[in-house]
Structure formats: structure tokens, C-alpha cells
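Chemist: Pasting a structure below so you can have a look.
The values are calculated or read from the model by the stated rules, or taken from the named source; none is laboratory data. Bear in mind that the values here come from a model prediction, so they are computed numbers and not experimental data. Counting neighbours? That spans all protein chains shown, and the Cβs are built from the backbone with ideal geometry, glycine included. Surface accessibility is based on the protein's heavy atoms, side chains included, excluding ligands, DNA and RNA. Shrake-Rupley method; radii C 1.70, N 1.55, O 1.52, S 1.80 Å.
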Amino acid sequence: MKKFLAVFDGFKLSNSTLQYAIQITKSEKAHLVGVFLDDLVYRSYSVYKVITNDKNYKEKLIELDVKDQQKRNEAALKFQKACEDAKISFSIHRDKNIAIQDLKHESLFADLVIINEYETFTKLKEHLPTRFIKDLLTDVPCPVLVTPGIYKKINKVVLLYDCKPYALYAIKMFSYLSGGMNHLPIEVFTVKDSKMGDLRLPDNKLMKEFIKRHFPHATYTVVKGNPELEIVKYLRSLHEDVLVALGAYQRSDLSRWFKTSMADILMKETELPLFIAHSR
């Protein structure tokens, strides 16, 4: 049985993550772990403001901490009830150390991490991709499903392919983890340089031979142009509620400084769930 992690901030539980996690867990007959990153230094209020504005700040801090614990408990109960209603196998982990370190450690023992793209595990709102998500994707030892703000049932899968090893690795990982989605329309989408003469799939024979074994009814679309523009344009043109699988974050820190990852671009420019994997 596969083991998936659905990652939550107990102060602002992501309903989108919860619904995507349940859909995928049911389709794969997997076990779902609700990971609540209850970092002890992360509070829903400003300790500094309480200390500077309240004479009885010690009592106030205790009162607010009790309320914070209640919020986190309620979030865990909501997850539990949703899983029980969906009749899926589940468990709950309440991690209380540094959030990113706890999650990376848990992901060593998981097949897939499911997390919302807006998660910060701070009181602050950040532009996409958030620092927490970038840190996770840079060093996570298993694939990650990054969910958008609003849940839409997945009705189609687009596999991004550019003949690079990381793209093939992501497609392989998706095929290993997504047997329950094989009934959905699967499309392999490729963007070739405008200078290249034809619209044949890169490594056409080998790639189609591989895809046929995993997704026998897959279709192929090849266009020319700038990948960063053409991929976004194409995904926006689709009317289905699509999941996109891609390789990302395989480059060095220096390389990422000069060239943005396609995953970053898609988080900013689309509202689609992204299955992201990279070989370590």
C-alpha cells in the first residue's frame, strides 16, 4: 500500500489540499497521513505585540496559546472526519519541531507529499512560490503534489516532456504512483525550439514505446516556440481540470539563481495541481 502525506498548517487548514489528497488516496487505494506541522515557535499571534501592549502579558500568552492549541486540534479533527467520511485508510502526525525539517524527514518514508502552494508556516503571506515551498522542492526525497488554492476534480493529466532526464524521471514516478488515474485522458506535451525542422517527438520511437506500456491511450502534442510561454498558453487553453506532471528543481543553486524553474512559472501563472519530481 502506498503512503501519501497531506501537509497542513493547523491555523489555516487548506481545504484544497484535503480534497486533492482524498481524491488521489481513494484512486490509488493508498494510506493517507495527515501531517500537521505544529512548530512550537509558530503562533497565530505576535508575541512581541502582546508583551508590549498588555500589562498582564504572561497570563495573556497562556490564554492565546490555549486558543492556538484548540485551533490546531480542530483542524486535525476536521481531517479525521473527512477521511472517515471518505472511507480511506489514514493516520495523523502532529510534528512539533521546526516545520521544514520535520517535513523533509517524514518525506523520506513516503511515496508522495501533498501540500498547498501558498503554505508558509508563518503569519506572513508571500508571493508564489513561497520560501517554504521552494525549500521543500529543492531537497525533498519524494515526489510532491503542489495544490492550488481551489480544489477541482482532476479529469485529465498533462505530462510535460522535453527529452531531459528530469522530465523522464517525473513521468516515470507519476506512472508508478498513479495507476488509479490511467482511465483519465493522458497527454504528452512537448515544446521544441523554433529552429528545429519537424514536430516529431524527441526520441520519438523510444518515448512512445515507453509511454505505451504505462499509458496505452496517451495522446501527443508537439509545438514550437519558447517553452515558458507555450506551456502556459496551452494549459490556459484547456477546458478540463488538469493535473500537470513535470520535472523540476534538478539544477544547482547557482543555476536556479539565473533561470527560473518551470514549476515556479506554473505556480505563478496557472491554478493547476502540479506533480513535481526530480532525481537526487
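Chemist: Hey, got the dipole for the chain? About the Cα centre, +1 on K and R Cβ, -1 on D and E Cβ, debye to the nearest 20?
Modeler: Approximately 280 debye in magnitude.
Chemist: While we're here: Could you tell me how many cubic angstrom of Cα convex hull volume region 119-233 has per residue?
Modeler: Residue-normalised Cα hull volume stands at 140 Å³.
Chemist: Right, something else. On average, how much accessible surface per residue is there in the chain, in Å², for a 1.4 Å probe, leaving out ligands, DNA and RNA?
Modeler: 52 Å²
Chemist: Could you tell me which residue out of Ile154, Pro141, Ile88 lies farthest along the dipole of the chain toward its positive end? Charges go on the beta carbon: Lys and Arg +1, Asp and Glu -1, centred on the Cα centre.
Modeler: The Cα lying farthest towards the positive end belongs to Ile154.
Chemist: Could I ask something else about it? Using a Gaussian network model on the chain with a 10 Å cutoff between Cα atoms, which of His239, His214, His31 fluctuates the most?
Modeler: His239
Chemist: A follow-up question, please. Most fluctuating residue of Leu243, Leu128, Leu137 in a GNM of the chain with Cα springs under 10 Å: which is it?
Modeler: Result for the chain, Cα springs under 10 Å: Leu128 fluctuates most.
Chemist: Where the accessible area of region 136-246 is counted over protein heavy atoms with a 1.4 Å probe, how much of it, in %, is carbon and sulfur?
Modeler: 54 percent
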